[in-house]
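These notes are about the structure you will find just below.
The values are calculated or read from the model by the stated rules, or taken from the named source; none is laboratory data. Keep in mind the model is a prediction, meaning the values are calculated, not measured. FYI the Cβ positions are ideal-geometry reconstructions off the backbone, even for glycines, and counts take in every protein chain you see. Calculation scope for accessible area: heavy atoms of the full protein, side chains included, ligands and nucleic acids excluded. Shrake-Rupley method; radii C 1.70, N 1.55, O 1.52, S 1.80 Å.
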Amino acid sequence: MKAVVSRIVRFVLWFFTKPDWKGTENVPAQGGVIIATNHLSLTDPLTVAHFLYIGARRWPTFTMKDGVMKIPVVRSVAKSTGQIPVKRGTTDAVKALKEAELALTRDGSSVIFYPEGTCTRDPDLWPMSAKTGVARLALTTGVPVVPVAHWGEQNILPYGSKKPRLFPRKRLEFLAGPPVDLDRFRGRPLTATVLKEATDAIMDDITALQAKIRGEQPPAVRYDLKRARLEEAEKKRAGDAGGDDTTKGAAE
């Protein structure tokens, strides 16, 4: 099944992408490794898997949303190729993290994670603030975290769009860096502060790599999706309250 899937993906991507892979030597040839990468588009899993399998010669293992795993064909392919299902917001999410840990430590797998948890909402598509799960897994297992940045998938299928732009072929740039230096966090209690600082170190490396690809300066402060949603909710509540007062005044 792995051979069949890899051939199909390579054949399809050849038609509408022109990949440029750099830094593949930073991905260990064997042993457990976390591949931490930014998230631009729903096409990312295919292009990141292509980079890892063909460029770095490692089989890609993903943690996949349970909703995706419910699609019959996808489910059978995912299970037969070693992908890890995740049910968010349930105790099964902890089970999935344990399975990822076993894949890293027992099976020596290369497991791909999107620390942001979703496609970036930054207006300029820079990496956002991230969740701490990847840092926790790295510090628990001791496996290296290789940061990978990529750019170009947003030209194929921008987030929120349902219609891909396949032609002309799109240039995709990938750059893998050396493992993130997490030594200063190892052996310390996994407090919220330690996990946040380790997560920031991972995202700093990913952002720096993307800045190098783009030849641009990233923002001084990363976009925080949670904060942005809270601010939007506050604005909506304020707007609704203002509308109620206006309506009441008009009626009087």
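Computed values, structure above
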read-out	value
Residues of region 11-24 satisfying the condition of being in contact (Cβ under 8 Å) with a residue 40 or more places away in the chain and either touching a helix residue (DSSP H, G or I) at 6+ places or on another chain (Cβ under 7 Å) or within 25 Å of Leu209 (Cα to Cα) (or both)	Phe16, Thr17, Lys18, Pro19, Asp20, Trp21, Lys22, Gly23, Thr24
Residue, least open to solvent (accessible area, probe 1.4 Å), within region 26-47, restricted to residues that are over 13 Å from Val146 (Cα atoms) and of a type in the set (A, V, I, L, M)	Leu40
Number of the exception - Val180 against (1) in a loop (DSSP other than H, G, I, E, B); (2) surrounded by fewer than 15 Cβ atoms within 10 Å (Cβ to Cβ); (3) of a type in the set (A, V, I, L, M, F, W, C)	(2)
Single condition Thr193 does not satisfy, out of (1) open to solvent by less than 70 Å² (accessible area, probe 1.4 Å); (2) modelled with pLDDT of 95 or more	(1)
Hits in region 101-146 (condition: under 23 Å from Thr43 (Cβ atoms), among the β-branched types (Val, Ile, Thr) and not in a strand (DSSP E or B))	Thr118, Thr120, Val134
